[in-house]
Amino acid sequence: MELCTQCGAELDEDGLCGMCLLGGALQTNPTMSPTEGIPAGSQSALEYDNFGNYHILRVLGEGGMGTVYLAEQTAPIHRMVALKVVKLGMDTSQVLSRFAYERQSVALMDHPHIARVYDAGATEKGRPFFVMEYVDGIPITNYCDRRRLNTKERLRLFLPVCEAVQHAHQKGVIHRDIKPSNILVTEIDGHPVAKVIDFGIAKAMDQAGNDATLLTELGQFVGTPEYMSPEQADVMTGAVDATSDVYSLGVMLYELLAGAVPFDAATLRKAGMAELLRIIREEEAPAMPAKLTGLGATATGIAERRRTVLAVLRRELSGDLNWIVMRAVEKARERRYQAVADLAADILRHLEDRPVLASPPSQLYRVRKFVR
């Protein structure tokens with residue numbers, strides 16, 4: 001059996017790694033260092049095309065379908081923007097249709113915590129592009145750890161993210177790839193502001209099942225395995241609704257609070273395709289206190305990055321917060337919060353010391369909350 005040198009997965013009979021091919025799906029890398037220049041392929045593509053009033057500076061991210069550049073807008077106003085364009089050679093009718101849908105999806109939304117669309121057009125060679133707000137930020141998990149935010153501060157930063165995703169749902173758009181690298185945090189007047197980016201694989205709630213399978217014709221994942229809902233991993237239907245984003249938000253909240261995702265990337269990618277899909281669909285996430293215990297010595301550092309000690313953090317993640325997160329990441333969608341707004345409301349109840357809806361029914365629990 002031959003194994004991939006990058007992820008350790010079994011190679012197929014053609015010597016290709018299905019996991020690495022699948023894992024590259026429409027992903028961008030917003031955490032790329034500013035010192036990393038434009039890859040040769042992307043740079044050569046720019047030399048034979050023109051973006052009008054937009055001067056390309058460097059690559060922000062590159063996926064299977066398009067490339068996102070940091071660009072300088074020179075007219076009618078001067079500002080830095082993020083410009084997304086279909087890659088050379090990818091201008092098939094299906095890719096162009098998906099790209100146009102993404103552009104329209106983001107343009108529909110008007111929310112302070114969603115990166116805005118400024119403009120759209122086509123290059124001299126006819127490649128469509130659209131121009132978005134450039135968010136000079138870092139993934140929400142990195143920001144929280146660097147600033148050593150405590151549990152309550154992390155929850156307060158997470159709430160506007162819920163509001164943004166709820167806004168998208170009200171516009172009929174499901175994100176389908178919620179993860180820390182798609183939630184960037186920047187500081188405005190000294191205060192952290194989270195922005196949701198990359199609706200590249202978003203889907204309209206009423207769209208017929210063009211993506212009713214885990215794989216696109218590009219042979220790539222629709223989503224990211226660690227944050228993917230069970231229904232996204234259902235190769236028979238692949239049908240998703242708003243509760244799919246609830247699940248992904250639940251996994252991200254789990255990571256924000258406990259310092260790790262329920263099922264880590266290394267385990268998933270070494271499991272093989274069939275086992276990976278089974279884990280996503282069937283295995284229940286461990287309770288957050290149990291996850292902390294299983295991390296061993298690493299858990300002490302996780303607590304320190306939350307300005308506390310391990311015993312206190314384990315106690316904080318028991319009760320309300322564990323019930324809230326466990327309800328969000330239920331495998332059966334009918335047992336999850338039915339809307340992102342419901343998840344946010346329960347978090348707010350916890351912060352205000354009121355009974356949360358995710359708690360088991362207990363008169364003693366409610367009396368304690370009333371006394372507090």
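Applying the selection to region 227-257, what residues are over 23 Å from residue 269 (Cβ atoms), in a helix (DSSP H, G or I) and more than 12 Å from the chain's Cα centre (by Cα)?
Selection gives 242, 243, 257.
Please go through region 134-151 and pick out each residue that is open to solvent by 30 Å² or more (accessible area, probe 1.4 Å) and either part of a strand (DSSP E or B) or in contact with a strand residue (DSSP E or B) (Cβ under 7 Å, 6 or more places away or on another chain) (or both). Working first, answer last.
Within region 134-151, the first condition is being open to solvent by 30 Å² or more (accessible area, probe 1.4 Å), and the residues that meet it are 134, 136, 138, 142, 145-148, 150.
Result: 134, 136, 138.
Which members of region 311-324 meet the condition of being part of a helix (DSSP H, G or I) and open to solvent by less than 20 Å² (accessible area, probe 1.4 Å)? Please lay out each step first, then the result.
So the first thing to find is which residues in region 311-324 are part of a helix (DSSP H, G or I), and the list is 311-316, 320-324.
If the condition is that a residue be part of a helix (DSSP H, G or I) and open to solvent by less than 20 Å² (accessible area, probe 1.4 Å), then 313, 320, 321, 324 are the ones that fit.
Tell me yes or no: at least one residue of region 158-179 is open to solvent by less than 20 Å² (accessible area, probe 1.4 Å), closer than 29 Å to residue 56 by Cα and in a strand (DSSP E or B).
No: zero hits.
Residue 306 versus (1) crowded, with 16+ Cβ neighbours inside 10 Å; (2) within 30 Å of residue 239 (Cβ to Cβ): which is the lone unmet condition?
Going through (1) crowded, with 16+ Cβ neighbours inside 10 Å; (2) within 30 Å of residue 239 (Cβ to Cβ) one by one, residue 306 breaks only (2).
Looking only at region 264-297, filter to residues that are at pLDDT 90 or above and part of a loop (DSSP other than H, G, I, E, B); which one of those is most open to solvent (accessible area, probe 1.4 Å)?
Going through the qualifying residues, I end up with 284.
If you scan region 176-213, which residues turn out to be among the charged types (D, E, K, R), over 9 Å from the mean Cα position of the chain (by Cα) and at pLDDT 90 or above?
Narrowing region 176-213 to residues among the charged types (D, E, K, R): 176-177, 179, 187, 189, 195, 198, 203, 206, 211.
Checking the rest, the ones that are also over 9 Å from the mean Cα position of the chain (by Cα) come to 187, 189, 195, 203, 206, 211.
Scanning region 176-213 gives 187, 189, 195.
Just the residues that are among the basic types (Lys, Arg) and either at pLDDT below 85 or over 23 Å from residue 176 (Cα atoms) (or both), please, taken from region 76-132.
79, 87, 98, 103, 125, 127
Of everything in region 325-372 that's of a type in the set (Asp, Glu) and outside any helix (DSSP H, G or I), which residue is most open to solvent (accessible area, probe 1.4 Å)?
It comes out as 352.
The values are calculated or read from the model by the stated rules, or taken from the named source; none is laboratory data. These numbers come from a predicted model, not from an experiment. All Cβ positions, even for glycine, are placed from backbone atoms using ideal geometry, and neighbour counts span all protein chains on display. All accessible areas refer to the heavy atoms of the entire protein, side chains included, with ligands and DNA or RNA removed. Shrake-Rupley method; radii C 1.70, N 1.55, O 1.52, S 1.80 Å.
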